[in-house]
Amino acid sequence: MINKRLLIKNLLSHNDENSFYDKKERLLLDSKEGKAKFIKHICALSNSNPENNSYIVIGIEDEANIIVGVDFFDDSKIQNLVNAYLYNPPKIEYENVPFPGLPRYKVVGLVTIYPNNNISSLAKNAWKYRKGTVFFRQGSNSMIAENSFDLVNTNKHIVEAIEKNAKNNIQLTLDGVFDFFNNHKDEYNPQYKVFTEQFVLCWAGKKSGRNGQEFYSRVDIELINEQVQLFYSSLDEVQIKYNEHSFIVTEFILLGLEKKEIHYPLEKTIIHFKENGKLEIIKEFLFEPPKYDPVIIEHIYENCNTIVNHLEKNIPLSVTEHEDVYRLPYNYLICYLNGFLDAKEQLEKAKEYIKNLPDKTTYIKYKDVIRVLRKVKYH
C-alpha cells in the first residue's frame, strides 16, 4: 500500500517536472483554457508512460517547490471530463492528501494517471488545440507530436522505485491514527476501523438527529495507510454505514420552501476494500430534484433576480432583501432544478457580495450550490 504523502514528497524531491510527473499551484477547470491545458497534460503524461503510473501534484508553488495547498476538491466526475475530450482516455484518480502545517481546509491534490498502453489524442477541439492532436512529454513540457508517434517505455523502473520507497510501515500507520485522534475533539467522536486486516480508516463527525434519523456534519474521513482524506463541511449532512469490506457515506441536501425542508439523497461514496491489498472508491449519484408549483418558482426567481439587480447597481437592499440574501444560493438552486437554467449565471453575479459578507455561512452555501450544480450538470 502506497502512502500518498510519502509519494508526493518523493515526487517533489525530483525538483524539476519531468516526463512522468507535473506540478501545479492550482487547477482552473472553470475556464476553457484551463480545462484544455489540464487535458493536454493528462494526454501527454499518458502517452509518455505507457507501462507505469504518472502524476500531477496540485498545490505546489512551482519555482520554490513549496507546498502551499489547495481547497478540498470534490469532483468525482473528473474522469468524465477526460473521457469526453480524449480518444483512448487513461483512467485517472484525484485524491486529497492532508499535509502537516497546512490549514485544516487545505490539502495537496494528487492526480494519478494509470498506464493505458494506447495512444491518447484529442477527440474534439479544446480551446486552441485541434481535434486529433497527440501530446507527449519532453522533459517538463507537454508537446504536440508533429509526426507519427510511438509509445515508448522510458520511466517504468524509475517510477517503480519511487513508489516502492513510499510504502507504509507500522510506525507511520500508528502515528497517523494518533495524529487523527489528537486533532479531533471528543465532541466529534473520533473512531477507527480496520478493514481486511490491512487498511486503517479513521473518521470523526458531529452527530445530530432530525426526523428520527441520525446525521453527521463536519465529517473527516482519513485512510491512514494511504494518507488520503475525504471531508464534509459543517453544512453537509451525511449518514455513515459500514460492513466488513466497505465504508459507505451517503450525502444529503436539505431543500425546501418556507421552512418545509426535506433531506434529499445527493450522492453515495463507497470505499471498498479488497482482499488483495487494494481498494476502490465508488461514487453513485442519487439526486432526484424536487418539483414545485411553476407559479411559486417564478415568483422566487423574480425576487432573486431583483436582489441581484440591486447588488449590481449598488442599490441599498431592504431589510427583507437582506434576509433573503441568506437563502439566495439555495433558492437559485431550486429555480435551476425547476427549469430556470440561467439561475447559475444569476447566482454568480452575486458572488463577490456574498463572499464579502461578515457571516461566511452564505458564502459556504454558495460554494455548496455551485458544487451541486456541477454534479447535476454531469448527469
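The values are calculated or read from the model by the stated rules, or taken from the named source; none is laboratory data. The model shown is predicted, which means the values in this text are computed figures rather than measured ones. Glycine also receives a Cβ, built like all others from the backbone with ideal geometry; neighbour counts cover every protein chain displayed.
Things to note:
- Checked against the criterion of being within 24 Å of ASN18 (Cβ to Cβ), at pLDDT 90 or above and hydroxyl-bearing (Ser, Thr, Tyr), the range 146-153 has no qualifying residue.
A quick yes/no check of all residues on (1) in a loop (DSSP other than H, G, I, E, B); (2) among the hydroxyl-bearing types (Ser, Thr, Tyr):
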site	(1), (2)
ILE8	no, no
HIS14	yes, no
ASP22	no, no
GLU33	no, no
PHE38	no, no
HIS41	no, no
SER46	no, yes
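Residue-wise test of (1) at pLDDT 95 or above; (2) more than 19 Å from ILE221 (Cβ to Cβ); (3) aromatic (Phe, Trp, Tyr); (4) in contact with a Lys or Arg (Cβ under 6 Å, 6 or more places away or on another chain).
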position	(1), (2), (3), (4)
ILE56	yes, yes, no, no
ILE66	no, yes, no, no
LYS77	no, yes, no, no
ALA84	no, yes, no, no
PRO100	no, no, no, no
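- Taken over the range 257-284, residues that are surrounded by 15 or more Cβ atoms within 10 Å (Cβ to Cβ), hydrophobic (A, V, I, L, M, F, W, C) and closer than 30 Å to LYS4 by Cβ amount to 6.
- Screening VAL134, VAL177 for residues that are in contact with a Ser or Thr (Cβ under 7 Å, 6 or more places away or on another chain), on the phi < 0 side of the Ramachandran plot and not polar (S, T, N, Q) leaves exactly one candidate, VAL134.
- Verdict on ILE56 being crowded, with 18+ Cβ neighbours inside 10 Å, in the same structural domain as ASN118 (by TED's automatic domain parsing), in contact with a helix residue (DSSP H, G or I) (Cβ under 9 Å, 6 or more places away or on another chain) and not in a loop (DSSP other than H, G, I, E, B): yes
- Any chance ASN116 is out of contact with any Phe, Trp or Tyr (no Cβ under 9 Å at 6 or more places or on another chain), of a type in the set (S, T, N, Q), in contact (Cβ under 8 Å) with a residue 60 or more places away in the chain and surrounded by 14 or more Cβ atoms within 10 Å (Cβ to Cβ): yes
- Members of the range 237-259 found to be farther than 12 Å from SER217 by Cα, in a strand (DSSP E or B) and at pLDDT 90 or above, listed by number: LYS241, TYR242, SER246, PHE247, ILE248
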